[in-house]
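*Asks:* Take a look at this one; I'll ask things after.
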Amino acid sequence: MKQRKLYFILLLQFVITFSLPAQHKASLTLTTLPDKEFMYWFSGTEYLSDYEQGFARSTAAKTDRTGLFFMKFSIGKSVTLNIAKMNQTIMTVLPLHFTPGSRDTVAISEECITFRGTNADYNRCLQKTEQYLDYCNQLIIRKPGNDLLLQTNSLPEFIKLLDGKKTEAEKKIKGSGLEAAFVDEQLTHLDLGSRLAFMYKILFYVPDSLQTADWKKALENWMDKSVDTPYFSSFREVSFLLDALLALDYKLENGNLENIRKASFDSFERLAKYLNGKNLEYAWASLINEDICYKTYDPIVPELYDLLKERFPGNTYQSFLEAGIEENHRFNAAMIADASDSDYHILPCDSSFHSLADAMKSLKGKVIYVDLWATWCGSCLNEFPYLPRIKEKVKDLGIAFLYISTDKPENKERWEKSIRHYKLKGYHLLASPALSKAIYKEFGNYIPHYLIIDKAGNIVERNAPALKQTDTLYEKLARWSK
C-alpha cells in the first residue's frame, strides 16, 4: 500500500512538473556610473506595462560604488526588461531582450552602449527599432526643437520624413539574420510607430483649418489599416496608441474632442471596432490599469472591470487588477472630512491669497512642513505611505503638516476624498488658480515639492527632504523646532 502511495505521489509530481512552463534563470550585469539610480520593469504580452504604465509600476534600483548592478530572474519565455532613468521631465528607456537561461552584460557610458552575452545581437537590433520610435515620439512628448517632423504641415513632406527614417531601420532589422518572429515583431512596431506619429500629428499639430483633402484621405486610410496584429500588446507605446485611436474615432464621429471620456463603456465599444480576442482583452485591461496606476479612482472603473471579466472569463489580467479595484472601492467609499473632525483642518482659500505667505498667516508660530501636491500626481501619492513613520518620529516636536493641493476647483470632491483615503491628518489648502500660479512661479513646475517654514514664517528649507527620506527629514525638522 505504501509503495502504491509513493508511486502515486511521484507520478503526480511528474505530471505537475511537465504541465507547468519551464522556468529558467536569466541574468543581467549592468555597468555604468557609480551609485546611479534607475528604475526597471518587465514588458511583453502578459504584462500590462508599456512605457507609460510600466514606469508607474517600476522597481527602484541603484548601482554600487563601482558602478555595477547584477540581477537574476526566472522566465519561461522571452521577455523585455526596461531600464529607465528620468532626465528633467523626460524618461529615457533602454529595452533589453532576454531569453530563458540567458546571460547578458550591458555597459552604459556617456559615449555609447555596449552589449555582450547571449542576446547581444538581439539587443543591438532592438535599439534600431527604439531609435525610430524615439524619432516618432517627438510628437508625443512635444519635444522642442527645429525638426521638420513637428513643424511641417505638408503631408508629402511629413510622410517622406517618416518613411526615410523607417526605411533605414527596416534594412538593418531585415538584414540582422535573427529569429523570424523577433524580426517580424520589430517591423510591426516600426509600422505602429509610423501610424502613431501620423495620429498625433493630425490630432495636435495640424489645425483643422489646414487639414486639406489629402490629410483627410490619409486619415481614412490610416484608420482603416488594421492594428490587430500578434505584436500589438508588446508595442512600447501601446497606451498612447489606444489614446489616439479613441480620440480620432471620437472626433470623426463628433467633430471635436469635447466630452470624450477615456474610462467609459463608450471607449470599450470603440476599441472593439479595431481589436479582437487577446488584443481587445489587453486593451480593455490597459484602460482599467491606467486608472489604477495613476490612482484616478474613477467610480466607473469597477463596472468596466466586471465587463472585462464577463467578456473574457478567467482573463490573463484579472488577478493583476484585483487589488487596484479593491482600492478604488475603498477610495470612493471614503467619508469626506468635515469641520467637526479635529484631525483634519480645511483652511479657507480666497482670491486675496496671492502668495504662500498669505496662505500661512493662520499657522504663524508653528514649524510647518509643507507638501505641495495634487491628486493627479502619482509621485505625490506614492509618498503618502511614508507619513506614519515620520509623524511618529516628530510627534513631540509640535510640527504642523500643511498639504497644499494645486488641483483645479472642479476636482474639489476628489481632493477631499483623497485627504481621507490617504489619512492626511493635518492642515489642508486647495490653492486658488492665482495661488497655484504663484507657487509654480516661485518653486518650479514640478511636484511633489517640500518646504520647511520656521516659527517666524520664514522659508528655511526651500527643497526639504521628501517623506520617504525619513531620517534626513527628521533631522531637519528637529533642528528648526528647537
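*Asks:* Output ³J(HN,Hα) for the range 452-468: one whole-Hz value per residue in order, computed from phi by the Karplus curve 6.51 cos²θ - 1.76 cosθ + 1.60 with θ = phi - 60°, and x for Gly and Pro.
*Replies:* 10, 10, 7, 5, 8, x, 8, 7, 9, 9, 7, 10, 5, x, 6, 4, 6
*Asks:* Hey, another quick one. Per q in 0.11, 0.19, 0.26 1/Å, what log10 I(q)/I(0) does a Debye calculation on the alpha-carbon atoms of the range 63-142 return?
*Replies:* So the normalised log intensities work out to -0.34, -0.98, -1.44.
*Asks:* For K455, what is the net charge nearby, where nearby means another residue's Cβ is under 15 Å from its Cβ and Lys, Arg count +1, Asp, Glu -1?
*Replies:* Charge balance in the 15 Å sphere: +4.
*Asks:* As I understand it, the value is the acute angle between the Cα axis of helix 2-19 and the longest principal axis of the Cα atoms of the chain; what does it come to in degrees, rounded to 10?
*Replies:* Its long axis makes an angle of about 90 degrees.
*Asks:* Where a ≥ b ≥ c are the square roots of the eigenvalues of the C-alpha gyration tensor, would you call the range 351-428 rounded, which needs a/c under 1.5, or, failing that, prolate if a/b is larger than b/c, or oblate? Show your work: numbers first, answer last.
*Replies:* Numbers: a/c = 2.16, a/b = 1.08, b/c = 2.01.
It is oblate, given that a/c is not under 1.5 and a/b is not larger than b/c.
*Asks:* Now a separate question. Rank these for me by crowding, T31, T66, going from fewest to most other beta carbons within 10 Å. If you can, show how the numbers build up before the last one.
*Replies:* Working: T31 17, T66 9.
Starting with the residue having the fewest Cβ neighbours, the order is T66, T31.
*Asks:* Quick one: net charge around L126, please, counting Lys, Arg +1 and Asp, Glu -1 for every other residue with C-beta under 13 Å from its C-beta.
*Replies:* Values: positive: R124, K128, K172, R236; negative: D104, D121, E130, D134, E179, E185.
Local net charge: -2.
*Asks:* Straight distance only, please: which aspartates and glutamates reach the Cα of K160 with their own Cα at less than 13 Å, same-chain residues fewer than 8 apart left out?
*Replies:* Reachable aspartates and glutamates: E168.
*Asks:* What pairs from K36/K364; K366/K437; K36/K171; K217/K262; K72/K171 go past 29 Å between their alpha carbons?
*Replies:* On the way: K36/K364 40 Å; K366/K437 25 Å; K36/K171 35 Å; K217/K262 26 Å; K72/K171 34 Å.
Check vs 29 Å cut-off fails for K36/K364; K36/K171; K72/K171.
*Asks:* Quick check on the exposure proxy: order S226, S234 from fewest to most C-beta atoms within 10 angstrom. Can you show the working numbers first?
*Replies:* Details: S226 9, S234 20.
Fewest-to-most ranking of S226, S234: S226, S234.
*Asks:* Where q = 0.10, 0.11 Å⁻¹, what log10 of I(q)/I(0) comes from the Debye formula for the chain, counting one point per Cα?
*Replies:* -0.95, -1.11
*Asks:* Ok, one more. Tell me the volume per residue, in Å³, of the convex hull enclosing the alpha carbons of the range 385-482.
*Replies:* Numbers: hull volume 10.1 nm³, N = 98.
Considering the Cα atoms of the range 385-482, their hull volume per residue is 103 Å³.
*Asks:* For the Cα atoms of the chain, what angle does the longest principal axis make with the long axis of helix 433-443, in degrees from 0 to 90, nearest 10?
*Replies:* Helix 433-443 sits at roughly 80 degrees to that axis.
*Asks:* Check cross-link reach from K476 to the aspartates and glutamates: straight Cα distance under 14 Å, and skip same-chain residues fewer than eight apart.
*Replies:* D454, E461
*Asks:* Using the alpha-carbon atoms, what tilt in degrees (0 to 90, nearest 10) does helix 318-332 show relative to the longest principal axis of the chain?
*Replies:* It is inclined by approximately 20 degrees.
*Asks:* Moving on. If Lys and Arg each add +1 and Asp and Glu each add -1, what is the summed charge of the other residues whose beta carbon sits under 10 Å from the beta carbon of L187? Don't skip to the end; give the middle numbers.
*Replies:* Numbers: positive: K166, K174; negative: E170, D184, E185, D191.
Overall, the nearby charge balance is -2.
*Asks:* By the 4.7 Å beta carbon criterion, which cysteine residues of the chain come out unpaired?
*Replies:* Cys with no partner Cβ under 4.7 Å: C112, C125, C136, C293, C349.
*Asks:* Here's something else I'd like to know. With 10 angstrom as the radius, rank D104, D298, D306 by how many other C-beta atoms surround their C-beta, starting from the fewest. Don't skip to the end; give the middle numbers.
*Replies:* Values: D104 22, D298 19, D306 11.
Neighbour counts put them in this order, fewest first: D306, D298, D104.
*Asks:* If one puts a single equal scatterer on every Cα of the range 273-419 and applies the Debye formula without solvent, what log₁₀ I(q)/I(0) results at q = 0.13, 0.17, 0.20 Å⁻¹?
*Replies:* For the requested q values the scattering log ratios are -0.74, -1.05, -1.30.
*Asks:* Aspartates and glutamates near K468 by alpha-carbon distance under 12 Å, same-chain residues fewer than 8 away left out - which ones?
*Replies:* E383
*Asks:* State whether the range 121-176 is rounded, prolate or oblate according to the following rule on the C-alpha gyration tensor (a ≥ b ≥ c being the square roots of its eigenvalues): a/c under 1.5 gives rounded; otherwise a/b larger than b/c gives prolate, and the remaining case gives oblate. All intermediate terms of the calculation are to be shown ahead of the outcome.
*Replies:* Working: a/c = 3.97, a/b = 1.71, b/c = 2.32.
The shape class here is oblate.
The numbers here are math on the coordinates, done by the rules we state, and not lab data. In this text the structure is predicted, and so the values were computed from the model without any measurement. Virtual Cβ from ideal backbone geometry, glycine too; neighbours counted across all protein chains shown.
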